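The values are calculated or read from the model by the stated rules, or taken from the named source; none is laboratory data. Bear in mind the structure is a predicted one, so any value in this text is a computation, not a measurement. All Cβ positions, glycine included, derive from the backbone under ideal geometry; neighbour counts span all protein chains shown.
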Amino acid sequence: MNLLALPAFADNYIWMIHNGAEALVVDPGDAAPVSDALKRYGLKLTAILVTHHHGDHVGGLSALQRNDLPVYGPGAEHIAGVTHAVADGDTVSWNGLRFGVHDVSGHTRGHIAYFAPEGLGDTDPTPLAFVGDTLFSGGCGRVFEGTMDQMHRALNRIAQWPASTRLCAAHEYTLSNLRFAQAVEPDNAALARHVAHCESLRAAGLPTLPTTLATELAINPFLRCTAPAVQSAALAHDAPDTAPASVFGALRLWKNTF
Ligand SMILES: [Zn+2]
């Protein structure tokens, strides 16, 4: 099994898993990068996973559609082209891999994540997750349709997964997120190391993703709402108190205008 990040648009990644014959893709906002990869590696597309309804995640569905191609997506959102509506607690199986469906609404009303506790199976059993626009390296998605509390709960849910989990986010926003993270926590040494690491990856033209949950717990302010330095920064930016939900809300509003 191979895991690939197919670049799309200015800063999206369409994640692909393939076994040399069949491929699965996640959030194909554009069909062209998917078709190119299928052709390049000689693959047949046999499943699509969708996390939420935004156009840069579903725009390629109509061009990729086939009668025998299952397209899994959130039942709480009406997405043209989804053939298998799924909800929290469901499991999607593909070529021996198992993806649990987790409700992580907040960015959109029905946003879901796909979490594979056994990762890519025999190839690499490290847990793996497709988190769409809920969590990015160093940041989190904007709260468009849900509430701050929903988004905070979604991130807390992700934080419960094993620390080794590889997180496949849908956007290369890392360096800009890390500038904000450093404004929140200028003295976080792990964050400084992550910035240097990601800058060298980008300078080499490589993705900074997947990240790992362990890394994010150490550097992502939105997962660090109980850290004293993050609480202090939030209090200086209109958080009413140091309750984790208050800290999260203040950080998210601050980031919106950063
Ligand atoms: Zn989105």
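Check whether at least one residue in segment 36-44 is closer than 24 Å to HIS102 by Cβ and either away from the ligand (no atom under 14 Å from the Cβ) or modelled with pLDDT of 95 or more (or both), and report yes or no. No, segment 36-44 has no match at all. Specify the residue that is nearest to the ligand (Cβ to nearest atom); the eligible residues are those in segment 106-135 that are among the hydroxyl-bearing types (Ser, Thr, Tyr) and buried (at least 24 other Cβ atoms within 10 Å of the Cβ). Among those residues, the one meeting the criterion is THR108. Quick check, is ARG166 of a type in the set (Lys, Arg), within 13 Å of the ligand (Cβ to nearest atom) and closer than 23 Å to ASP11 by Cβ? Answer is no for this residue. Candidates in segment 230-258 are the residues that are among the aliphatic types (A, V, I, L, M) and closer than 30 Å to PHE115 by Cα; of these, the one that is farthest from the chain's Cα centre (by Cα) is ALA243. Residues that are in a strand (DSSP E or B) and within 12 Å of the ligand (Cβ to nearest atom) within segment 136-162 comprise PHE136, CYS140, listed in sequence order.
Segment 200-258 holds helices (runs of 4 or more DSSP H) entirely within its bounds, and those carrying 3 or more residues that are among the aliphatic types (A, V, I, L, M) and free of Cβ contacts under 8 Å to residues at least 40 places away in the same chain map to 244-256.
Taking the criterion of being over 14 Å from the mean Cα position of the chain (by Cα) and part of a strand (DSSP E or B), the residues of segment 8-33 that qualify are ALA8, ILE17, HIS18, GLU22, ALA23, LEU24.
Looking across ALA169, ALA227, ALA154, one residue alone is at pLDDT 95 or above and more than 15 Å from the chain's Cα centre (by Cα). It is ALA227. For segment 34-117, the strands (runs of 3 or more DSSP E) that sit wholly inside it and include 1 or more residues that are among the acidic types (Asp, Glu) and in contact (Cβ under 8 Å) with a residue 12 or more places away in the chain are 97-103. In segment 185-193 there is no residue that is over 13 Å from ILE219 (Cβ atoms), surrounded by fewer than 20 Cβ atoms within 10 Å (Cβ to Cβ) and of a type in the set (Gly, Ala, Ser).
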